[in-house]
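Q: Here's a structure for you.
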Amino acid sequence: MRKPGVLVTCRVPSAVAARLDEACEVDLYTGEEPMSRGELRQRLEGKQALMCLLTDRIDSDVMDASPALRVVANIAVGYDNVDVSAASARGIVVTNTPGVLTEATADFTWALILAVTRRIAEGERLMRQGRWKGWALDFMLGSELGGKQLGIVGLGRIGRAVATRAVAFGMRVAYADPGLTGHDSHGLPYARLPLDELLTGSDIISLHVPLAPETRHLINRRTLLRLKRSAYIVNTSRGAVIDEEALAWALREGIIAGAALDVYEHEPAIHADLIGLENIVLAPHLGSATVETRTAMADLAARNIIAVLSGEPPLTRVPESR
Ligand code: GLV
């Protein structure tokens, strides 16, 4: 009997490819650039499964390229790139990769918090430009974390893993949860505050909400004005949770002290107004980028595909997927 076909839109670790090979006829895209929509539609034709990236926009137009499609396995925890209701209407299961990237993303969030508060990227730029004049008592002073408040927006898996690490830095944690993380935060030892109050009282704000209509531009001119002038904002969730133009204004005008971003509204583009600012750390969407985690993500996506194609429930179906 012919094995079901799966289109994989990126190179995957060999163990993952081997797992898929056993159960499916694999069509693996190996290009450097994200797959074009035309090629995606064309190569998806007749396939039962699609393993894709957050850079692939999977809408009804793409899904209609293959009436045989049964599962879309996104290699990411976020799935705002997939039209889940269009998938459900076509009987297509959508899966994501929660859990396996929690620790790596929480670690990276702390790397950004430390980088921006201790001006590491700014200092590195200065060194490379040969502009360091030597140690001075008042040179490139940053801000300490001990005794300050970390404000987590979205206390899901990653938000909680970031909160856990705050103890090591002597910070207290408070959070606001717009109710989109799908997690019960009862019983956790952190103060829950309304968003505006959290923004007003926190020294570091770290964003961990999924991108949804309710969270698009959650951080905007109005909310930025609530922050302390000494506050920093860190985003490892989705770029469009912040209005980048408003953020550039706040950083330029000293409305806040600094920001560190791993994600952008229009990746891979960065808002031109952000590039020239010294008080922002810009990372190229690396939150989950460790060998271990990226392997685990691809493997989980493969196991989801194999489960669905064998008539079993997927391991990690996205909550809205039917
Ligand atoms: C990365 O951004 C992810 O959603 O996994």
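Q: Filtering the range 283-311 down to residues that are away from the ligand (no atom under 15 Å from the Cβ) and free of Cβ contacts under 8 Å to residues at least 24 places away in the same chain, which residue is nearest to the chain's Cα centre (by Cα)? Please lay out each step first, then the result.
A: Quick first cut of the range 283-311, residues away from the ligand (no atom under 15 Å from the Cβ) only: 291, 302-303, 305-311.
In the following step, the residues that additionally are free of Cβ contacts under 8 Å to residues at least 24 places away in the same chain were identified as 291, 307, 311.
Values: 291: 17, 307: 25, 311: 30 Å.
Checking each candidate, the answer is 291.
Q: Sort out which residues of the range 114-144 are under 30 Å from residue 159 (Cα atoms) and part of a loop (DSSP other than H, G, I, E, B), and write them in order of number.
A: Hits for the range 114-144 are 118, 119, 140, 141, 142, 143, 144.
Q: Also, I was wondering about something else. For a quick check of your reading of the model, give me the residue pairs whose first member lies in the range 1-18 and is open to solvent by 20 Å² or more (accessible area, probe 1.4 Å), whose second is β-branched (Val, Ile, Thr), with beta-carbon atoms closer than 7 Å and at least 6 apart or on different chains.
A: Partner pairs satisfying both residue conditions: 11/30; 13/295; 17/26.
Q: Got at least one residue in the range 249-270 being within 16 Å of the ligand (Cβ to nearest atom), part of a loop (DSSP other than H, G, I, E, B), touching a residue at least 60 places away in the same chain (Cβ under 8 Å) and surrounded by fewer than 21 Cβ atoms within 10 Å (Cβ to Cβ)?
A: There is at least one residue in the range 249-270 that is within 16 Å of the ligand (Cβ to nearest atom), part of a loop (DSSP other than H, G, I, E, B), touching a residue at least 60 places away in the same chain (Cβ under 8 Å) and surrounded by fewer than 21 Cβ atoms within 10 Å (Cβ to Cβ).
Q: Which is within 16 Å of the ligand (Cβ to nearest atom) and more than 24 Å from residue 215 (Cβ to Cβ), of 63, 51?
A: Working: 63 fails: within 16 Å of the ligand (Cβ to nearest atom).
On inspection, the qualifying residue turns out to be 51.
Q: Does the range 178-187 include one or more residues that are modelled with pLDDT of 95 or more and surrounded by fewer than 17 Cβ atoms within 10 Å (Cβ to Cβ)? Outline the logic, then answer.
A: Filtering the range 178-187 down to residues modelled with pLDDT of 95 or more leaves none.
No, every residue in the range 178-187 fails to be modelled with pLDDT of 95 or more and surrounded by fewer than 17 Cβ atoms within 10 Å (Cβ to Cβ).
Q: Now, a different point. Within the range 82-113, take every residue that is within 12 Å of the chain's Cα centre (by Cα) and not in a helix (DSSP H, G or I) and give me the one that is farthest from the ligand (Cβ to nearest atom). If you could, list the steps in order and put the result at the bottom.
A: Taking the range 82-113 and keeping what is within 12 Å of the chain's Cα centre (by Cα), we get 97-98, 101-102, 104-106, 108-109.
Next, only the ones that are not in a helix (DSSP H, G or I) stay: 97-98, 101.
Values: 97: 6, 98: 9, 101: 5 Å.
Step by step, filter the range 82-113, then rank; the result is 98.
Q: Further question: Is it the case that some residue within the range 69-78 is touching a residue at least 12 places away in the same chain (Cβ under 8 Å), surrounded by fewer than 24 Cβ atoms within 10 Å (Cβ to Cβ) and more than 16 Å from the ligand (Cβ to nearest atom)?
A: Yes, the range 69-78 contains at least one residue that is touching a residue at least 12 places away in the same chain (Cβ under 8 Å), surrounded by fewer than 24 Cβ atoms within 10 Å (Cβ to Cβ) and more than 16 Å from the ligand (Cβ to nearest atom).
Q: Looking at 279, 304, which is the one that is open to solvent by less than 30 Å² (accessible area, probe 1.4 Å) and of a type outside the set (A, V, I, L, M)?
A: On the way: 279 fails: open to solvent by less than 30 Å² (accessible area, probe 1.4 Å).
Selected residue: 304, the only one of 279, 304 that is open to solvent by less than 30 Å² (accessible area, probe 1.4 Å) and of a type outside the set (A, V, I, L, M).
Condition check ((1) polar (S, T, N, Q); (2) touching a residue at least 12 places away in the same chain (Cβ under 8 Å); (3) farther than 30 Å from residue 56 by Cα) across all residues:
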site	(1), (2), (3)
192	no, yes, yes
222	no, no, yes
234	no, yes, no
246	no, yes, no
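Q: Can you tell me which residues in the range 124-150 are over 20 Å from residue 173 (Cβ atoms) and under 26 Å from the mean Cα position of the chain (by Cα)? Quick ask: steps written out before the conclusion?
A: Of the range 124-150, the ones over 20 Å from residue 173 (Cβ atoms) are 124-142.
124, 125 - these are the residues of the range 124-150 that are over 20 Å from residue 173 (Cβ atoms) and under 26 Å from the mean Cα position of the chain (by Cα).
Q: Tally time: how many residues in the range 13-42 are farther than 16 Å from residue 305 by Cβ and among the basic types (Lys, Arg)? If you could, list the steps in order and put the result at the bottom.
A: Applying the first criterion (farther than 16 Å from residue 305 by Cβ) to the range 13-42 yields 14, 30-42.
Within this subset, residues satisfying the condition of being among the basic types (Lys, Arg) are 37, 41.
Adding up the residues that qualify gives 2.
Q: I've got another one for you. Count, please, the residues in the range 209-247 that happen to be among the polar types (S, T, N, Q), within 16 Å of the ligand (Cβ to nearest atom) and open to solvent by 10 Å² or more (accessible area, probe 1.4 Å). Quick ask: steps written out before the conclusion?
A: So the first thing to find is which residues in the range 209-247 are among the polar types (S, T, N, Q), and the list is 215, 220, 223, 230, 235-237.
The next check asks that each one be within 16 Å of the ligand (Cβ to nearest atom); those that pass are 215, 235-237.
When the remaining residues are screened for being open to solvent by 10 Å² or more (accessible area, probe 1.4 Å), the result is 236-237.
Adding up the residues that qualify gives 2.
Q: Only residues that are buried (at least 21 other Cβ atoms within 10 Å of the Cβ) and in contact (Cβ under 8 Å) with a residue 40 or more places away in the chain: list them for the range 49-68, please.
A: Correct list: 49, 50, 51, 52, 56.
The values are calculated or read from the model by the stated rules, or taken from the named source; none is laboratory data. Note that the structure is predicted; figures quoted are calculated from it, not measured. Because the Cβ atoms are built from the backbone with ideal geometry, glycine has one as well, and the counts that use them run over all protein chains shown. The protein model used for the area step is the full one, side chains on, heavy atoms only, and it has no ligands, DNA or RNA in it. Shrake-Rupley method; radii C 1.70, N 1.55, O 1.52, S 1.80 Å.
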